[in-house]
1. Would you point out the residue of region 153-167, among those that are over 17 Å from A98 (Cα atoms) and of a type in the set (G, A, S), that is surrounded by the most Cβ atoms within 10 Å (Cβ to Cβ)?
2. Any residue at all in region 170-182 that's farther than 25 Å from V11 by Cα, surrounded by 14 or more Cβ atoms within 10 Å (Cβ to Cβ) and within 19 Å of the chain's Cα centre (by Cα)?
3. Could you count how many residues in region 220-258 are within 29 Å of I156 (Cα to Cα), among the charged types (D, E, K, R) and modelled with pLDDT of 95 or more?
4. As an exercise: evaluate D158 against (1) within 15 Å of the chain's Cα centre (by Cα); (2) modelled with pLDDT under 95 and give the number of the one condition it does not meet.
5. Restricting attention to region 94-152, report how many residues are part of a loop (DSSP other than H, G, I, E, B), out of contact with any Ser or Thr (no Cβ under 8 Å at 6 or more places or on another chain), modelled with pLDDT of 95 or more and open to solvent by less than 30 Å² (accessible area, probe 1.4 Å).
6. Looking at (1) touching a helix residue (DSSP H, G or I) at 6+ places or on another chain (Cβ under 9 Å); (2) over 19 Å from T70 (Cα atoms), which is the only condition S105 fails?
7. Sort out which residues of region 198-214 are surrounded by fewer than 14 Cβ atoms within 10 Å (Cβ to Cβ) and in a strand (DSSP E or B), and write them in order of number.
8. Would you point out which residue out of G234, G243, G220, G229 is outside the structural domain of I107 (by the TED database) and in contact with a Phe, Trp or Tyr (Cβ under 8 Å, 6 or more places away or on another chain)?
Amino acid sequence: MQNNTFSTLFVGQNLIKLKEVDSTNNFLKDLVSKSEPLAEGTVIMADNQFAGRGQQESVWQTQAGKNISTSIYLKPSFLPLDKQFYLNIAVSLAVSDALSHFIPSGIKVKWPNDMYYLNKKVGGILIENTLTGSSIKSSVIGIGLNINQQEFAENISDKATSVIQILQKVTPLMDIMEKIFVFMEKYYLILRSGKYSILQNDYLKRLYNFEMSASYKQNGEVFEGTIIGVEDSGRLQMNTANGLVSFNFKEIEFTHTK
């Protein structure tokens, strides 16, 4: 455990670095359950995460020492349960801003929680909230980003990319981590002040396929749709041949474009 000199008030000031762990989210949740009250903004970072998880138990593949595998501890008890997707929005904006600091154009947020460069995935977010009564007691925010990994498994090589593939140079992981901490704090404080419309507007500006006609798949059937917004609950709003339809997580697939 160490203290750092990041230019933040609390995010990343308590940074715990690990050589290897099954999942930084699991490690942090375990730490929260066992230890004395943990400082908000505590960060777990692992060189190697051998059982990283994506949304709804999908597996996140990563090469040791090449990428960012990190989890951040927050306590957004101020956030109403019907607004909890705004935490996802704040985190997505923070990560996209951090990446955009190094990659000037092309970074998008693919609903609900993937980071894209053009039509390829560069990372993802997994938020696990612990509820108490009608409020959020704590949140563990997992972030996985492809940074200096040059090669990917054959089955995902046409769908995934990394910062090194985009920029053709190595980027120090801590340089990107610091930007994530700075922007995370910025958007978290906007969230805490209840400025939901600012977050919503910024999110839509960065949303992959926003206001663009594209192909999607539901129950094996392909259809055309245009994303027009995201509800407070996180449901995706889309204009289709059947009119305005809202989709929940995992109800539709984005059809991949090379």
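1. For region 153-167, the residue satisfying everything is A160.
2. No, there is no match, as no residue in region 170-182 is farther than 25 Å from V11 by Cα, surrounded by 14 or more Cβ atoms within 10 Å (Cβ to Cβ) and within 19 Å of the chain's Cα centre (by Cα).
3. Final tally of qualifying residues: 2.
4. D158 satisfies every listed condition except (1).
5. Matching residues across region 94-152 total 3.
6. Failing condition for S105: (1).
7. S213 - this is the single residue of region 198-214 that is surrounded by fewer than 14 Cβ atoms within 10 Å (Cβ to Cβ) and in a strand (DSSP E or B).
8. Values: G243 fails: in contact with a Phe, Trp or Tyr (Cβ under 8 Å, 6 or more places away or on another chain); G220 fails: in contact with a Phe, Trp or Tyr (Cβ under 8 Å, 6 or more places away or on another chain); G229 fails: in contact with a Phe, Trp or Tyr (Cβ under 8 Å, 6 or more places away or on another chain).
Just one listed residue meets the conditions, G234.
The values are calculated or read from the model by the stated rules, or taken from the named source; none is laboratory data. As the structure is a prediction and not an experimental result, all values here were calculated from the model. Glycine gets a Cβ as well: all are built from the backbone with ideal geometry, and neighbour counts include every protein chain shown. All accessible areas refer to the heavy atoms of the entire protein, side chains included, with ligands and DNA or RNA removed. Shrake-Rupley method; radii C 1.70, N 1.55, O 1.52, S 1.80 Å.
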